[in-house]
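**Q** Sharing a structure, written as structure tokens. Questions coming.
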Amino acid sequence: MVDAILSPILERLTSMAVEEAKEQVRLVTGVGKEVKKLTSSLRVIEAVLHDAEKRQVKEETVRLWLDQLRDACYDMEDVLGEWNTARLKLQIDGVDDHENDALVPKKKVCSFFPTASCFACKPLVLRRDIALKIKEINETLDDIAKQKDMFGFVVNVTNEKADQRVPSISSIDESEIFGREKEKNELVDRLLCEGSKEQKGPSIISLVGMGGIGKTTLAQFAYNNRDVERNFEKRTWVYVSEPFDEFRIARAIIESLKRGSAKDLVEFQSLMQHIQECVAGKKFLLVLDDVWNEDYYKWEPFYKCLKNGLHGSKILITTRKETVACIMGSTHVISVNVLSEMECWSVFQSLAISGKTTGKRENLEKIGREIVKKCKGLPLAAKTIASLLRSKNTEKEWQNILESEIWELEAIEKGLLAPLLLSYKELPSKVKRCFSYCAVFPKDYEIQKHKLIELWMAQGYVSEKGAKEMEDIGEEYFNILASRSFFQDFDKGDDGEISNCKMHDIVHDFAQYLCCNECLTVEIHSGEELAISSFGEKKIHLLLTLRRGASVPISIWGNVTGLRGLRSLLVKSDEYSWSSEVLPQLFDKLTCLRTLKLKVCEPWLCKNFIKEIPTNIEKLLHLKYLNLKGQKKIEKLPETLCELYNLERLNVDDCENLRELPRGIGKLRKLMYLHNVGTDSLRYLPAGIGELIRLRRVREFVVGGGYDKACSLGSLKKLNFLQQCGIRGLGGVSDAGEAARAELEKKKYLVELGLHFDHLRDGDEDQAGRRENEEDEDERLLEALGPPPNLKKLVIDEYRGRRNVVPKNWITSLTNLRVLYLSWWRNCEHLPPLGKLPSLESLHIEGMKSVKRVGNEFLGVESDTDGSSVIAFPKLKQLAFSLMKELEDLDCGTAIKGEIIIMPRLSYLEIVSCPKLKALPDHLLQKTTLQELLIGGCHILEERCREETGEDWPKIRHIPYIDIL
């Protein structure tokens, strides 16, 4: 994994040196030479890494050498981080003319007296310290480079034969296939199916799954099935592998089809022509095993000449990548997953126990079943371990295997880790680090995709690339790993996107193997104390779970050498019963942290919380991610937090007593995400928030009218990269001009917006901060704010406007809006013409206490239409009315001349706590698209819709799911 660390360092080292050269501020004389030397040494070492990482499996000395190199790389990352932070600090804090004079090379006095007490020299002293650290790393690298020569490493070359896998063949012993009845039947049926007459060219079927899962075995079974054999005039099996060698593959196809040599064919065009002639008018089956190619243009000529075959011809491919299946034009994809424990046992016993005497078999079977559990359904693991145990006959030998870690067994490394290593080596450098980071989670842990991406970002594994956002790139990295079967057990949201996943235990072991156990998970239960012996070797990432009653001794952070370089500390705790000295010690010692998570898992059950954040948090200069979610006792954050110049994400969600953020927050120029939902005591955001132009999300942008040094609506002006924002405190804003200065209409990236017309002044919420003519004020304010052009989700609550409620410029501009929540509008008597919103899919209306009737105005359709067809709510799927105490009639769509189509896609209708509502329109109840109807707290409606006896039951009985509460 060292290459995954080293490559980004080289890129960063080069770019930072170039940036430094452009600026007037210089490092101490001689550092440029050190940087060049460092870069040169790293290039030389990088050239032999491929050979070194391959040999470390068998040679312990090589592995130790790589460990030294890894440590040096971590040190380099830290020094580069300090260097970058020093430059950033100078840019943000600024220096006066005198200070600048002290920093340019001509002022030699500061170079001769680097420890001078004058303030002007202080930044230079810091840079001298960085230069000395680079020199020390150079000395370490010199030693590592000298040791390198002892091993006789081979310089990196491509397409080494040593890396090539053993080619697969088409023959198989069917007695060795266990389980997979569903997959077998599905695959055979697909191969025998004639398919559509309209289809031109052979159908392509893909078997997709992780390495060692049994794809090739399944393909071999189908290839040799008697019905399949009789169905095709020609069958051919080609092992593809990596790289995708077009000439070799073409010759293999021709030789299989013609039963002769194709060596004489040297031109690619001749090869393609021969394939076309071989399949012309024939029904064929072509199996391409172990395909990795993602370049369609390499596959295209093959598919064109294979179109010459007879209708019903098939191409079967096996691959680890869904992207390959997609690129090759698969008409059907079969996912190959793990075996059941019973099937896995059948695989194991056929190799490990078969042939042993009855007495020995009985003694070994119990241990064998425990070993099979560790295989977690992976056929390759079962086969590899079973093959190893075949020659071992004593219970002690079997017990040793059961208690050993998989990667410690050389025989298993060859069989089990080889396919995973091949998949891993093919990954891009940065994706490799993302994968190995997953070893920090315990086995069988449910990983939330978006949280995992946040952690990758904090470690610097994901960086912006052109116009692409970091989160989007992180999503790409996740999808790469998912498509190569490094993740499994996917949960998907309504949009079809993966939300959660898990890692197979074998894959988790592999990740631990790659990161040399630098990732650690520790769980301490009630009455236990965290022991220093728990840590052992140097750790980089730590997930610490403290159950209620567990304790953390203060000495742990200072005394454990292996924790000094910790970059992730993820604490999950039910209670933070730490002494007040624990956090200051932690901040003093763990200065390499990039991620610090002190989240409370269940704040509603917790009794002890962290009461304050120590001022020495400024020592965590590398910190990018700080999560304090659920820490209810924290009332303020220290000003020294603003010295964390690298901070990108701050999470204070559910810190319900947090009253203020640091006034110097404007110094956190890298901050992109401020999570502050559930911070009801937070009455304002500091004015400096308006300087954070990199902000992507502010969950609650709290406008604190009347507070000293509070931000205003106009503070939003520069925040043009905002994607999600909820504006609180609008009920206390009187200046529509200030709203206009926010320039929401220019924020093209803003897709989620909340407008909360609440009052946030201390005292009586209904009286404090009240404005005269607040109905008119709210109307002018909403119009002045102006709608962002690409908004997809909008929430407006506590609005007090009277006249046509939503200004025309909002209705006409929200062409991309998909989700709309309107709640607790005091003075609204008629709903706005929301039926005009062309993309609206989900509409929730709540607490409109003055609305008695919802009529045709809601549809946005005039009563005197000219006879032309009109569609109101063309894409609406979900509609909900709740807590509408005065609503009597929901009567839209009547008394309109001309043809009108209302909500043609509606699938979910919810009516809750509308006690006066008399009936629902027939056109809603009788919709064939309606899949779910929920009614509760509506006495009249409940009786009308009562099963079998209700007046409206005949109109709704066709709806699949009806819930009358």
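The values are calculated or read from the model by the stated rules, or taken from the named source; none is laboratory data. Remember, predicted model here, so these are calculated numbers, not experimental data. Cβ: placed from backbone, ideal geometry, glycine included. Neighbour counts: every protein chain shown. Surface areas here come from the heavy atoms of the whole protein model, side chains and all, with no ligands, DNA or RNA. Shrake-Rupley method; radii C 1.70, N 1.55, O 1.52, S 1.80 Å.
**Q** If you take the residues in the range 663-684 that are more than 16 Å from residue 649 (Cα to Cα) and either open to solvent by less than 10 Å² (accessible area, probe 1.4 Å) or hydrophobic (A, V, I, L, M, F, W, C) (or both), which one is modelled with the highest pLDDT?
**A** By that ranking, first place goes to 679.
**Q** Tell me the residue from 385, 327 that is within 40 Å of the chain's Cα centre (by Cα) and under 30 Å from residue 232 (Cα atoms), please. I'd like the intermediate steps shown before the answer.
**A** On the way: 385 fails: under 30 Å from residue 232 (Cα atoms).
Of the residues listed, the single one that is within 40 Å of the chain's Cα centre (by Cα) and under 30 Å from residue 232 (Cα atoms) is 327.
**Q** Residues of the range 294-318 being crowded, with 18+ Cβ neighbours inside 10 Å and out of contact with any Phe, Trp or Tyr (no Cβ under 7 Å at 6 or more places or on another chain), which ones?
**A** 299, 302, 305, 306, 308, 312, 314, 315, 316, 317, 318
**Q** Are there any helices (runs of 4 or more DSSP H) wholly within the range 307-400 with 2 or more residues that are of a type in the set (Asp, Glu), and if so which?
**A** Those helices (runs of 4 or more DSSP H) span 341-352, 358-375.
**Q** When the residues of the range 41-79 are narrowed to those that are part of a helix (DSSP H, G or I), at pLDDT below 85 and more than 31 Å from the chain's Cα centre (by Cα), which ends up farthest from residue 10 (Cα to Cα)?
**A** Going through the qualifying residues, I end up with 60.
**Q** If you don't mind, there's one more thing I want to ask. Among the residues of the range 362-398, count how many are open to solvent by 90 Å² or more (accessible area, probe 1.4 Å) and touching a residue at least 12 places away in the same chain (Cβ under 8 Å).
**A** 5
**Q** Looking at the structure I just gave you, is residue 955 in contact (Cβ under 8 Å) with a residue 12 or more places away in the chain and open to solvent by less than 70 Å² (accessible area, probe 1.4 Å)?
**A** The answer is yes for residue 955.
**Q** While we're here: Pairs needed: first member in the range 733-756, under 20 Å from residue 813 (Cα atoms); second member anywhere, part of a loop (DSSP other than H, G, I, E, B) and open to solvent by less than 10 Å² (accessible area, probe 1.4 Å); C-beta distance under 6 Å; at least 6 residues apart or different chains.
**A** Pairs found: 744/786; 744/788; 745/786; 747/722; 747/788; 750/722; 750/788; 753/791.
**Q** Within the range 904-918, can you find the residues that are assigned to a loop (DSSP other than H, G, I, E, B) and either open to solvent by 30 Å² or more (accessible area, probe 1.4 Å) or of a type outside the set (A, V, I, L, M, F, W, C) (or both)?
**A** 904, 905, 907, 913, 915, 916, 918
**Q** Here is a further query. Residue by residue through the range 185-220, note down the ones that are part of a helix (DSSP H, G or I), in contact with a Leu (Cβ under 7 Å, 6 or more places away or on another chain) and not hydrophobic (A, V, I, L, M, F, W, C).
**A** Result: 215, single match.
Each row is one residue, and each column tells you yes or no for (1) in a loop (DSSP other than H, G, I, E, B); (2) crowded, with 16+ Cβ neighbours inside 10 Å; (3) at pLDDT 90 or above.
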residue: 851; (1), (2), (3): yes, yes, yes
residue: 884; (1), (2), (3): yes, yes, yes
residue: 895; (1), (2), (3): yes, no, no
residue: 923; (1), (2), (3): no, no, no
residue: 935; (1), (2), (3): no, yes, yes
residue: 940; (1), (2), (3): no, no, yes
residue: 943; (1), (2), (3): no, no, yes
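**Q** Go through the residues of the range 749-767 one by one and say whether even a single one is in a helix (DSSP H, G or I) and at pLDDT 85 or above.
**A** Taking the range 749-767 first, the residues in a helix (DSSP H, G or I) are none.
Checked against the condition, which is being in a helix (DSSP H, G or I) and at pLDDT 85 or above, the range 749-767 yields no hits at all.
**Q** For the range 840-857: of the residues being more than 41 Å from the chain's Cα centre (by Cα) and among the small types (Gly, Ala, Ser), which is farthest from residue 920 (Cα to Cα)? Give the derivation first.
**A** Taking the range 840-857 as the starting set, the residues that turn out to be more than 41 Å from the chain's Cα centre (by Cα) are 849-857.
Then keep just the ones that are among the small types (Gly, Ala, Ser); that gives 850, 855.
Numbers: 850: 19, 855: 12 Å.
Selected residue: 850.
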